[in-house]
1. Only loop residues by DSSP count here, and only those with at most 11 other Cβ atoms within 10 Å; note down the trypsin sites (Lys or Arg not before Pro) in segment A:1-51 that meet that.
2. Taking H placed 1.01 Å from N in the peptide plane, check which residues at least 5 places from residue A:79 or on another chain put their amide H under 5 Å from its amide H.
3. Quote the relative contact order of chain B in percent (integer), defining contacts as alpha-carbon pairs under 8 Å separated by 6+ residues.
4. Contour minus end-to-end for residue B:204 and residue B:121, with contour as 0.36 nm per residue of separation and end-to-end as the Cα-Cα distance?
5. Find the relative contact order for chain A and round it to a whole percent, using C-alpha pairs within less than 8 Å whose residues are 6+ positions apart.
6. Would the protein assembly as shown count as rounded, prolate or oblate if I go by the C-alpha gyration tensor, calling it rounded below 1.5 in a/c and otherwise prolate when a/b exceeds b/c, oblate otherwise?
7. What whole-number distance in Å separates the alpha-carbon centres of segment B:193-261 and segment B:116-189?
8. Using a/c under 1.5 as the rounded threshold, could you call segment A:1-133 rounded, prolate or oblate? The axes a ≥ b ≥ c are square roots of the C-alpha gyration tensor eigenvalues, and prolate needs a/b larger than b/c, oblate otherwise.
Amino acid sequence: MIDLIYLEREAIDHPRTQKILNQYPRAEVVECERYGELFNRSGQNFRLQKNRPALILAIKHGTKVLPAPQEYSVGGKNNYYFSHMLNCLYDCRYCFLQGIYRSANYVLYVNYEEFFDSIRGLAASAPPGDENWFFSGYDCDSLALEPLTGFVESVLPVFEELPSNWLELRTKSTQIRSLLSREPLSNVVVAFSFTTEPASRTLEHKVPNSERRMDALAALQRHGWPVALRFDPLIYHPNFKSEFAALCERIFSHLNSSLVHSVSVGGFRLPRDFYKRMRKLYPKEPLFIHCLEDNNGMVGYCAEIEADLLEAASNSIEQYVDKDSIYRIEEGAS
Amino acid sequence: MSKLCLVTALSCEARPWIEHYGLKPIASFGFKAYTSDDIALVVSGIGQNACAAATGFLAGHFQTGPECVWINAGIAGHPDLPRGTVVVVNKSRYVNQSEFHYPSIPIPLKLFSAECLTVDTVESEYADQMLYDMECAGYFGAARRFSPVDLVHAVKVVSDNRVHSWSDLDRHAISDLINSRLETIIQTFINPLLDLATIIRDDNAEIDVHEFTDRWHFTVTNTHRLRALLFDIAAVNAGKIPFPDEFNKCHSAREVINQLNTRLDSLKPTWSE
């Protein structure tokens, strides 16, 4: 429920702004010159704001689509990411957004078309034959606020025009109506994130439970969408191995495993500054206390635990999908 | 330690709060201030500079922590809103400055909200659709240094508009006006903020270490380390911390610290749902 909307002056006349405002006729609207006047300023408390995030409608200036680190690749030659939105509906305790931003308000950049122009430009400039991947869902969940943003509905025609370029929609959401109401695209992969049941129950707040996510995933696959699985971050806890095996068994009982595009696994790791900020926000959170160490500015599980987690996860996944479809993500942020 | 700090410009604005919360005056220089166990109030006098100074005074005198909810409560003018309308300030600026402050409102907003322009002299033109007061900008500038902006707010009761002049109101009428809206402000705005602030209060609750420091000699640095270790152990051990007797074999504070580190490392993650 949105009851407070901040509106950047430049975004006021954008048709998408008006459409969104019409969806929330009872919301208080506060105008601002630039969204940076209120988003991410010092003295804000992410945890308190998460109780009732406001929506900020803004225009994205500068670079819209950025190169993604190679270790995030799922097989593509050129990898890019973009964020039409900052912050997420969900409240996963391991999420690095708590460390990046001081503010939990949702920033939605309404000038989608400029993102699309950047994507088209990068696609056109790539050498013929190169596989370009565009990742959505770095600073937000790609689908969770789709009824509000309509972003996915807008971006799909762009990739319909660019069949040799790939789009990944990363999500934990069951908001799949816009995908089920149209013909699937073979170059758009819907990637669902999962953690083991104990981790999900305790750390993934406001997230649809894993059974509902599995149902959504299966519905998308039946409809013809390429789907993928993301086990990132892997969270250490007692009985991880058996819990992860059980998770895989449940997921793959919903899916045709031969049609799963890719599976990636990654350990829990955060840049030191993000970790410090998250620890301060949640000083009593066991996740931030146990078994972590700082390696050259990245905080994560000690090497032995991380290797055990990756090994156990890979072994379980290999029972269902080809080894070549499994990608290990070993650097960067969770 | 105060959970709620109230800042008013006038004594007549303060009186309903003092009576409602049963606040007692304190002996102080410079500003009239009142307190109870959990609540402190200061009367700043008129003007944004006086209000900023009074806010700083209150924070210093009562050693407020980051979990404290701050409210600037008072009257304000508005061109059209009826007298008695309660308004939460959602944007604030001093008339001679271009910078705005945007209070973050982390609770469901059940009251009307509006921008507030802080002016130096009483406003009677009401040129724009906004609140007019004489303190708000100074208050925000000071109070946001002491608590997160999410807990620092101003709530105004409309006292004058284009139809009803401020000059109609004497101090008794102002007190009556505030008093008539007190319950609404407390129930719909202050109490939900106080509830939310308990998150920070609980997390900042200090662990009592005196049974350890009485038995072994801890330096100041090691006392901080001891407190941090006991806090972490409690966090991963369902709130339980070890008893000092468990470390009877330790001859020094350093040994106790080492033992506690080992204890923390040995605990497996236990998550409560």
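1. Listed in order of number, the matching sites are A:26.
2. Amide H neighbours of residue A:79, under 5 Å, 5+ apart: A:68, A:133.
3. After rounding, I find 19 percent.
4. Extra length from residue B:204 to residue B:121 when fully extended: 25.7 nm.
5. Normalised by residue count, the contact order of chain A is 15 percent.
6. oblate
7. The distance from the Cα centre of segment B:193-261 to that of segment B:116-189 comes to 45 Å.
8. Verdict is oblate for segment A:1-133.
The values are calculated or read from the model by the stated rules, or taken from the named source; none is laboratory data. Because the structure is a prediction, the values reported are computed rather than measured. Methodologically, a virtual Cβ is constructed for each residue, glycine included, from the backbone with ideal geometry; neighbour enumeration extends over all protein chains shown. Side chains included, ligands, DNA and RNA excluded: accessible areas come from the protein's heavy atoms. Shrake-Rupley method; radii C 1.70, N 1.55, O 1.52, S 1.80 Å.
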